[in-house]
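What follows is a short report on a single structure.
The values are calculated or read from the model by the stated rules, or taken from the named source; none is laboratory data. Owing to the predicted nature of the structure, the values given are computational and were not obtained by experimental measurement. Here Cβ is always computed from backbone atoms with ideal geometry, including for glycine, and neighbour counts include all displayed protein chains. With ligands, DNA and RNA removed, areas are computed over all heavy atoms of the protein, side chains included. Shrake-Rupley method; radii C 1.70, N 1.55, O 1.52, S 1.80 Å.
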Amino acid sequence: MKELTSALDDIRARILQATPPQLRHTNPALVAVSKYKPAEDVLACFEHGQRDFGENYVAELSEKAAALPTDIRWHFIGTLQSNKCKPLAAIPNLFAIQTLDTAKKATTLNNALPKSRTYPLHVFIQVNTSGEESKSGLPPISIEASTPETSELAKLALHIINDCDRLHLRGLMTIGSIEQSTSSGPNEDFSALVYTSNALQNILPKDRYPWGVDGKLELSMGMSADFEPAIRAGAGTVRVGTSIFGSRKTKDEVAQS
Ligand SMILES: *Cc1c(COP(=O)(O)O)cnc(C)c1O
């Protein structure tokens, strides 16, 4: 547990170090990704001041949310399936869904949030910046796009703002490609998300929105391998798992155990 909390301290220090001085007042949010890790590890981080945690699987998230302190802010960061919107919406302290990708799922979530819930659910639209087939998300807005307002992304954003009164559009999320993450040049996934977010921001009604920090769409990008370059590129949220909790089993290993 000592190891865990010192890993957490180390990540916090690295986040601060990577944050440009003019952005330190909005210190990027750290989502500690605890998938496949036991509830006691989450609790140790919680007791060390960590509040935002990310999970990829609905059953695992529901179980942990029921067992752990209710002032944890849970982020769902896994692939969002239509039939999982209802069980997700039922988790009282689900703070955000970072992987929203269709209007239908937005509507389902909006309608499924229980009346007892007094605050909105934050959502990030997932953008597939790398275009990899294995990744979910809507296409980014490209520099060549002449009518960004007709993009799928703009339509979904407007649907959330206009028709889903219990959802707050907080920002955009991407899972960049490994190639970009390990190459020495600027990360093209991060620059695509920045460009997309600026283009989208120009289209959205300024009076009804947005809920990100400093009145801008917030960008969720950067994981253990690349959260520092993500912050330098403008990330408002980073999602870090392995560097805090240590390596985890793969999906296949979990299925076999
Ligand atoms: C697992 C996961 C992370 C954390 O990845 P690490 O490399 O362990 O930091 C971040 N984002 C998403 C969407 C994930 O699925």
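Which of the helices in the chain meet the span-like rule: DSSP H, Cα axial reach of 18 Å or more, Kyte-Doolittle mean at least -1.0?
Working: long enough: 2-18 (24 Å, -0.15); 188-203 (23 Å, 0.10).
Helices meeting the criterion: 2-18, 188-203.
To the nearest 20 debye, what is the magnitude of the charge dipole of segment 81-184 about its Cα centre, counting +1 on the Cβ of each Lys and Arg and -1 on the Cβ of each Asp and Glu?
700
Mind checking the full-extension length gain between I143 and N198? Use 0.36 nm per residue of separation minus the Cα-Cα distance, one decimal, nm.
Numbers: separation 55, 0.36 × 55 = 19.80 nm, distance 1.09 nm.
Here the answer is 18.7 nm.
Express the accessible area of the chain per residue in Å², computed with a 1.4 Å probe while the remaining protein chains stay in the model. Before the final figure, lay out each step's value.
Working: 12420 Å² over 257 residues.
I get 48 Å² per residue for this part.
Which one of V238, Q256, N187 has its Cα pushed farthest toward the positive end of the charge dipole of segment 134-257, where Lys and Arg give +1 and Asp and Glu give -1 at the Cβ?
My answer, from the dipole projection, is Q256.
Which loop-located trypsin sites (Lys or Arg not before Pro) does segment 218-257 contain, where loop means any DSSP state but H, G, I, E or B and the Cβ has at most 16 other Cβ atoms within 10 Å? Mind dumping the intermediate values first?
Numbers: sites: R232, R239, R248, K249, K251; in loops: R248, K249.
Passing both the DSSP loop test and the Cβ count: R248, K249.
What does the C-alpha gyration tensor say about the overall shape of segment 136-257? Classify as rounded when a/c is under 1.5, otherwise prolate if a/b is larger than b/c, or oblate.
Details: a/c = 1.97, a/b = 1.60, b/c = 1.23.
Taking the square roots of the gyration eigenvalues as a ≥ b ≥ c, segment 136-257 is prolate.
Within segment 24-46, what residues put their amide N at less than 19 Å from the label point 7 Å along the Cα-to-Cβ vector of L16?
24-32, 45-46
Mind checking the dipole of segment 1-158: about its Cα centre, +1 per Lys or Arg Cβ, -1 per Asp or Glu Cβ, Debye to the nearest 20?
Details: 17 positive and 17 negative charges, 95 e Å.
Computed about the Cα centre, the dipole is about 460 debye.
Carbon-plus-sulfur fraction of the accessible area of the chain, 1.4 Å probe, in percent?
Details: 6460 of 12420 Å².
About 52 percent, which is the carbon plus sulfur part of the accessible surface.
Per residue of the chain, what 222 nm ellipticity follows from adding -39500 (n - 2.57) for every DSSP H run with n ≥ 4, rounded to the nearest 500?
Values: 11 runs with 101 residues, N = 257.
Per the formula, -11000 deg cm²/dmol.
Would you mind calculating the relative contact order of the chain from Cα pairs under 8 angstrom and at least 6 residues apart, reporting the percent as a whole number? It would help to have the intermediate numbers written out before the result.
Values: 461 pairs, mean separation 51.7, N = 257.
20 percent.
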